[in-house]
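The values are calculated or read from the model by the stated rules, or taken from the named source; none is laboratory data. As the structure is a prediction and not an experimental result, all values here were calculated from the model. Here the Cβ is made from the backbone with ideal geometry for all residues, glycine too, and neighbour counts use every protein chain on show. Areas reflect the complete protein model, heavy atoms only, side chains present, ligands, DNA and RNA absent. Shrake-Rupley method; radii C 1.70, N 1.55, O 1.52, S 1.80 Å.
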Amino acid sequence: GLFLFGLGEAFLLQSGIGNSPWTVLAEGVSLHFSFPIGGVTALISCVVLLLWIPLREQPGFGTIMNIFVIAAALQIGIAIIPHQNNYFTGLVFALLGIGLVGIGSGIYITCGLGPGPRDGLMTGLNEKTGVRVGRVRTGIEVVVLTIGWLLGGVVGIGTLLFALLIGQSVAIAFGLVERISPQTS
């Protein structure tokens with residue numbers, strides 16, 4: 001699931017029409033430090049994980065794997081997926097990326113091996129502040145997107161499509177995982 005998530009992010013990046021908010025940030029940081037986006041993604045995840053300390057969140061095996069597998073898959077995807085200069089194929093790549101992120105999320109979240117760094121930050125802030133999860137996540141995403149855009153990360157129609165479609169993509173993936181997973185009592 002984590003590998004599919006990272007490949008989905010790579011398809012979005014290579015679409016040329018906009019990235020997810022966290023990849024906008026990673027791309028912006030990467031432009032200023034000449035460090036590969038996959039490495040920056042892992043570094044950002046580690047920084048986010050440090051923010052768990054005052055929130056008293058506990059990482060799991062999946063939390064740590066999230067950092068490294070998604071970053072590696074993103075970097076591998078960038079190396080093998082061609083960057084698109086055509087708007088139509090870029091749109092197809094963006095939609096494929098959103099679908100893969102949704103499927104990857106559905107698989108890794110249902111494993112219950114620990115939340116990803118960003119998810120733990122969201123739930124930790126929710127518990128500490130009492131602010132609803134949706135508002136906390138939206139606030140985090142807007143801040144990350146704004147910083148990434150100011151640093152030069154690509155924001156476009158792909159970013160908007162991600163914002164509008166990722167929730168539904170994950171929901172569909174949850175349904176699929178539920179249908180094909182063995183039921184436990």
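Tabulated results
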{"read-out": "Top-ranked residue of region 44-60 - restricted to ones that are open to solvent by 20 Å² or more (accessible area, probe 1.4 Å), assigned to a helix (DSSP H, G or I) and of a type outside the set (A, V, I, L, M), ranked as modelled with the highest pLDDT", "value": "Cys46"}
{"read-out": "Residue satisfying condition, being part of a loop (DSSP other than H, G, I, E, B) and open to solvent by 50 Å² or more (accessible area, probe 1.4 Å), within set Leu165, Leu113", "value": "Leu113"}
{"read-out": "Test: Ile76 is open to solvent by less than 70 Å² (accessible area, probe 1.4 Å) and touching a residue at least 24 places away in the same chain (Cβ under 8 Å)", "value": "no"}
{"read-out": "Search result, residues across region 20-43 that are open to solvent by less than 30 Å² (accessible area, probe 1.4 Å) and either without any contact (Cβ under 8 Å) to a residue 12 or more places away in the chain or within 10 Å of the chain's Cα centre (by Cα) (or both)", "value": "Ser20, Pro21, Thr23, Ser30, Thr41"}
{"read-out": "Restricting region 122-159 to residues that are among the small types (Gly, Ala, Ser) and in a loop (DSSP other than H, G, I, E, B), the residue that is surrounded by the most Cβ atoms within 10 Å (Cβ to Cβ)", "value": "Gly153"}
{"read-out": "For Tyr87: the one exception among (1) within 30 Å of Gly112 (Cβ to Cβ); (2) in contact with a helix residue (DSSP H, G or I) (Cβ under 9 Å, 6 or more places away or on another chain); (3) surrounded by fewer than 16 Cβ atoms within 10 Å (Cβ to Cβ)", "value": "(1)"}
{"read-out": "Residues of region 110-120 that turn out to be closer than 14 Å to Ile67 by Cα and hydrophobic (A, V, I, L, M, F, W, C), as a count", "value": "1"}
